[in-house]
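Okay, structure first, notes after.
The values are calculated or read from the model by the stated rules, or taken from the named source; none is laboratory data. Fair warning: this is a prediction, and the values are worked out from it, not measured in the lab. Methodologically, a virtual Cβ is constructed for each residue, glycine included, from the backbone with ideal geometry; neighbour enumeration extends over all protein chains shown.
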């Protein structure tokens with residue numbers, strides 16, 4: 001089975017803190033994604049990556065950055081957390097054009 | 001117009017009922033199609049891929065209509081455990097090419 005692991009499930013951070021969300025997949029997938037999901041807004045793509053060291057902006061990249069130093073790992077970084085970044089963050093991976101698999105999600109609260 | 005559009009519902013149906021959801025997409029060049037299921041406060045999980053010839057998995061049937069640019073999901077003999085949000089996913093729905101676009105989801109509530 002495909003496994004996408006988000007190591008931090010529940011976080012509470014203060015405004016202005018730097019936040020790292022880590023994601024690891026074990027299926028040698030080229031594509032990795034970070035989404036956030038908010039009530040009434042559905043899934044919104046923050047960043048994605050097609051390969052190591054490659055990154056592309058999604059629909060809502062402002063306030064976020066990403067890092068992909070190894071194929072299996074894709075990190076989402078909030079340089080200075082703000083309360084409007086309180087959300088559920090979902091990491092996902094896939095082969096190109098194929099089924100996408102999600103991690104269990106990271107619930108971030110910024111106070 | 002949204003690239004992938006779904007009726008948000010909720011669809012409230014009794015156990016045993018048959019229910020169908022549609023999902024429309026705007027890009028006629030879209031390549032592949034999927035239905036995902038998402039339970040409350042959980043991640044989306046693949047329910048089934050949608051093939052041109054249609055496909056069936058137990059009580060679930062998915063169909064693709066390329067001419068009218070929609071996909072459908074039919075659930076027969078609804079169970080309480082089918083209560084969830086169903087997400088339509090289209091590959092190539094946007095001009096970004098080989099990218100997945102998610103619909104907003106349709107919420108299903110099956111009542112005893």
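Observations, loosely collected:
- Just so you know, in segment A:82-102 the residues that are in contact (Cβ under 8 Å) with a residue 24 or more places away in the chain, more than 7 Å from chain B (Cβ to nearest Cβ) and closer than 19 Å to residue A:51 by Cα include one that is surrounded by the fewest Cβ atoms within 10 Å (Cβ to Cβ), and it is A:95.
- Any hit, segment A:19-39, residues being more than 11 Å from the chain's Cα centre (by Cα), over 11 Å from residue A:91 (Cα atoms) and without any contact (Cβ under 8 Å) to a residue 40 or more places away in the chain: yes
- Flag for residue A:27 being more than 22 Å from residue B:42 (Cβ to Cβ), out of contact with any helix residue (DSSP H, G or I) (no Cβ under 6 Å at 6 or more places or on another chain) and surrounded by fewer than 15 Cβ atoms within 10 Å (Cβ to Cβ): no
- The residues listed here are A:52, A:66; of these, the one that is over 10 Å from the mean Cα position of the chain (by Cα) and at negative phi is A:52.
- Meets criteria (in contact with a strand residue (DSSP E or B) (Cβ under 8 Å, 6 or more places away or on another chain), modelled with pLDDT of 95 or more and under 21 Å from residue A:88 (Cβ atoms)) for residue B:24: no
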